[in-house]
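*Asks:* Before I ask anything, let me first share the structure, which is written out below as structure tokens.
The values are calculated or read from the model by the stated rules, or taken from the named source; none is laboratory data. Computed from a predicted model, the values in this text were never measured in an experiment. Please note: Cβ atoms are built from the backbone with ideal geometry, for glycine as well, and neighbour counts cover all protein chains shown. Side chains included, ligands, DNA and RNA excluded: accessible areas come from the protein's heavy atoms. Shrake-Rupley method; radii C 1.70, N 1.55, O 1.52, S 1.80 Å.
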Amino acid sequence: MASIFSRIVAGEIPCYKVAETEKFLAFLDVNPIAEGHVLCIPKEEIDYVFDIEDALYNELFLFAKKVALGMKKVCPCIKIGMSVIGIDVPHTHIHLVPINKPSDMDFTTHVKMEKEEMVALSEKIAKSVEALL
């Protein structure tokens, strides 16, 4: 059965897209730990990040870097934190989170955002990232 992320890639489930290339997709996490929390995924469903072939692995992290640079221009924060956990969804994904202190990367807490806020934020980040891709 396809992961939820593969279903997003296929267009079966909508997302708040912030960036897309032939091989990768970035979108807002619908259960964010901070406003602007983005997930970067390879379009190919690969469960474990260290199972990714080297060239694709490098490209994924370069894609995530460009997304993070675009996010930094839009999201008020000191840095964009990054985490690869890979437990909840069997599809490699990089979490990019606007942070001001280490505890901002706490995945046990979440913020509530309205649909309108998610749309507006995804559009701002997408515009910022577009120039970098």
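*Asks:* Looking at Asp88, is it of a type outside the set (A, V, I, L, M, F, W, C), within 20 Å of Ile41 (Cα to Cα) and over 13 Å from the mean Cα position of the chain (by Cα)? Spell out the reasoning first.
*Replies:* Working: of a type outside the set (A, V, I, L, M, F, W, C): yes; within 20 Å of Ile41 (Cα to Cα): yes; over 13 Å from the mean Cα position of the chain (by Cα): yes.
Taking the combined requirement at face value, the residue satisfies it.
*Asks:* I would also like to ask the following. Considering only residues that are in contact with a His (Cβ under 9 Å, 6 or more places away or on another chain) and surrounded by fewer than 16 Cβ atoms within 10 Å (Cβ to Cβ), which ones fall in segment 46-61?
*Replies:* Taking segment 46-61 and keeping what is in contact with a His (Cβ under 9 Å, 6 or more places away or on another chain), we get 46-47, 49.
Correct list: Asp47 only.
*Asks:* On to the next question. Ala120 - would you say it is closer than 20 Å to Thr21 by Cα and open to solvent by less than 60 Å² (accessible area, probe 1.4 Å)?
*Replies:* No, not satisfied.
*Asks:* Return yes when Lys73 is touching a residue at least 40 places away in the same chain (Cβ under 8 Å), touching a helix residue (DSSP H, G or I) at 6+ places or on another chain (Cβ under 9 Å) and open to solvent by 100 Å² or more (accessible area, probe 1.4 Å) and no when it is not.
*Replies:* Numbers: touching a residue at least 40 places away in the same chain (Cβ under 8 Å): yes; touching a helix residue (DSSP H, G or I) at 6+ places or on another chain (Cβ under 9 Å): yes; open to solvent by 100 Å² or more (accessible area, probe 1.4 Å): yes.
Spelling it out, Lys73 is indeed touching a residue at least 40 places away in the same chain (Cβ under 8 Å), touching a helix residue (DSSP H, G or I) at 6+ places or on another chain (Cβ under 9 Å) and open to solvent by 100 Å² or more (accessible area, probe 1.4 Å).
*Asks:* Which one is farthest from Phe5 (Cα to Cα), of the residues in segment 41-55 that are of a type in the set (A, V, I, L, M, F, W, C) and in a helix (DSSP H, G or I)?
*Replies:* Within segment 41-55, the subset of a type in the set (A, V, I, L, M, F, W, C) is 41, 46, 49-50, 52, 55.
Next cut, in a helix (DSSP H, G or I) only: 49-50, 55.
Values: Val49: 14, Phe50: 18, Ala55: 21 Å.
Result: Ala55.
*Asks:* Scan Ala126, Ala64, Ala68 and give me the residue that is in a helix (DSSP H, G or I), in contact with a Cys (Cβ under 6 Å, 6 or more places away or on another chain), among the small types (Gly, Ala, Ser) and crowded, with 19+ Cβ neighbours inside 10 Å. Lay out the reasoning, then the answer.
*Replies:* Values: Ala126 fails: in contact with a Cys (Cβ under 6 Å, 6 or more places away or on another chain); Ala68 fails: in contact with a Cys (Cβ under 6 Å, 6 or more places away or on another chain).
Of the residues listed, the single one that is in a helix (DSSP H, G or I), in contact with a Cys (Cβ under 6 Å, 6 or more places away or on another chain), among the small types (Gly, Ala, Ser) and crowded, with 19+ Cβ neighbours inside 10 Å is Ala64.
*Asks:* On to the next question. Quick one: what pairs do we get from segment 1-18, first residue crowded, with 18+ Cβ neighbours inside 10 Å, second of a type in the set (Lys, Arg) and modelled with pLDDT of 95 or more, C-beta under 7 Å, 6+ apart or different chains?
*Replies:* Every condition considered, the pairs that remain are Val9/Lys43.
*Asks:* In the set Ser83, Ser103, Ser122, which member is in contact with a Phe, Trp or Tyr (Cβ under 8 Å, 6 or more places away or on another chain), more than 16 Å from Leu25 (Cα to Cα) and among the small types (Gly, Ala, Ser)? Working first, answer last.
*Replies:* Values: Ser103 fails: in contact with a Phe, Trp or Tyr (Cβ under 8 Å, 6 or more places away or on another chain); Ser122 fails: more than 16 Å from Leu25 (Cα to Cα).
Among Ser83, Ser103, Ser122, only Ser83 is in contact with a Phe, Trp or Tyr (Cβ under 8 Å, 6 or more places away or on another chain), more than 16 Å from Leu25 (Cα to Cα) and among the small types (Gly, Ala, Ser).
*Asks:* Here's something else I'd like to know. Determine the pairs where a residue that is within 12 Å of Ala34 (Cβ to Cβ), located within segment 108-126, has a partner that is of a type in the set (Ser, Thr, Tyr) and outside any helix (DSSP H, G or I) with Cβ atoms under 9 Å apart, the partner being 6 or more residues away or on another chain.
*Replies:* Final answer for the pair search is Leu121/Tyr16.
*Asks:* Within segment 109-118, does at least one residue satisfy the condition of being more than 19 Å from Phe27 (Cβ to Cβ) and of a type in the set (Val, Ile, Thr)?
*Replies:* Just the residues of segment 109-118 that are more than 19 Å from Phe27 (Cβ to Cβ), to begin with: 109.
Checking the rest, the ones that are also of a type in the set (Val, Ile, Thr) come to 109.
So far as segment 109-118 goes, yes, one or more of its residues are more than 19 Å from Phe27 (Cβ to Cβ) and of a type in the set (Val, Ile, Thr).
*Asks:* Can you tell me which residue in segment 76-100 is nearest to Phe5 (Cα to Cα), limited to those that are β-branched (Val, Ile, Thr) and either open to solvent by 60 Å² or more (accessible area, probe 1.4 Å) or free of Cβ contacts under 8 Å to residues at least 60 places away in the same chain (or both)?
*Replies:* Initially, segment 76-100 is screened for residues β-branched (Val, Ile, Thr), giving 78, 80, 84-85, 87, 89, 92, 94, 97, 99.
Now narrow it down to the ones that are either open to solvent by 60 Å² or more (accessible area, probe 1.4 Å) or free of Cβ contacts under 8 Å to residues at least 60 places away in the same chain (or both): 78, 80, 84-85, 87, 92, 94.
Values: Ile78: 29, Ile80: 22, Val84: 15, Ile85: 15, Ile87: 13, Thr92: 9, Ile94: 12 Å.
Applying the filter and picking the extreme gives Thr92.
*Asks:* Are any residues in segment 1-50 in contact with a Ser or Thr (Cβ under 8 Å, 6 or more places away or on another chain) and within 19 Å of Ile85 (Cβ to Cβ), and if so, which ones?
*Replies:* Of everything in segment 1-50, those that are in contact with a Ser or Thr (Cβ under 8 Å, 6 or more places away or on another chain) and within 19 Å of Ile85 (Cβ to Cβ) turn out to be Phe27, Leu28, Ile33, Ile41, Pro42, Glu45, Ile46, Asp47, Tyr48, Val49.
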